[in-house]
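A.B. asks: Encoded as structure tokens, here's the structure I'll be asking about.
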Amino acid sequence: MKIVINSILVIAAVGLVYLLIESIRKPINFKETREFREEFVREKLTQAADLQKMHKALTGKYADNFDSLEYILTTDTFLVDQVLGDKYDTTQTVTIVKVPILAADSIKGYLQKKKIEMDVRSYFDDLRLVPFSDKIEFTIQTSEAIVEGTDSMMTSTFMVGTPIRSYLSEFDSASHVIYDPDYNPNFIRKVGDLYKPSTNGNW
């Protein structure tokens, strides 16, 4: 009988130790996993914002889907001002000419700058996908908003984003609020703003 009681006490002690370890491990795992994945998501959203700026420079507005974004940035042409002559030399005639630069070349330069080792097509295929998700795509929306400081001047706006639960699927329950009081799996991690001309992210 004494042996049985001792065995039960040992098992109970082991169980309590396990629960203690789990109570410490789970919040650490949640924090580390969230921070790691957030970094990848933020980087992709930042890149999406960069490409939206290029799209607007070419067309005057933001793209409302990834197909349009890819098409414009791989087929259109930037017209860049090139100054011929020295504008500080009053004895010279200065001429400004428009020089065409393929947007596709700008994208290749952008990928090199970001040290992204993909061809352009593969890059756009990958850009739309939310990291650590089951091929879920970021959502793109566009609208218009009044330019700050004016009464009626409108400008194009955009938002690219995804719910946090899409890349933290194992933490998609609000019960994880015990690890972070502000955690909400339905919160939209995004860049841009439909209601004001901003290209910033909400992190």
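The values are calculated or read from the model by the stated rules, or taken from the named source; none is laboratory data. What you are looking at is a predicted structure, and each value in this text was computed from that prediction instead of being measured. Cβ: placed from backbone, ideal geometry, glycine included. Neighbour counts: every protein chain shown.
A.B. asks: Out of all the residues in the range 151-173, is one or more over 17 Å from Ala49 (Cα atoms), at pLDDT 95 or above and part of a loop (DSSP other than H, G, I, E, B)?
C.D. replies: yes
A.B. asks: Quick test of your reading of the structure: Val177 fulfils all but one of (1) among the hydrophobic types (A, V, I, L, M, F, W, C); (2) part of a strand (DSSP E or B); (3) modelled with pLDDT under 95. Name the failing condition by number.
C.D. replies: All conditions are met except number (2).
A.B. asks: Restricting to the range 119-140, count the residues that are in a loop (DSSP other than H, G, I, E, B) and within 19 Å of Glu39 (Cβ to Cβ).
C.D. replies: 7
A.B. asks: Here is a further query. If we keep just the residues of the range 174-203 that are among the β-branched types (Val, Ile, Thr) and surrounded by fewer than 17 Cβ atoms within 10 Å (Cβ to Cβ), which is nearest to Ile164 (Cα to Cα)?
C.D. replies: For the range 174-203, the residue satisfying everything is Ile188.
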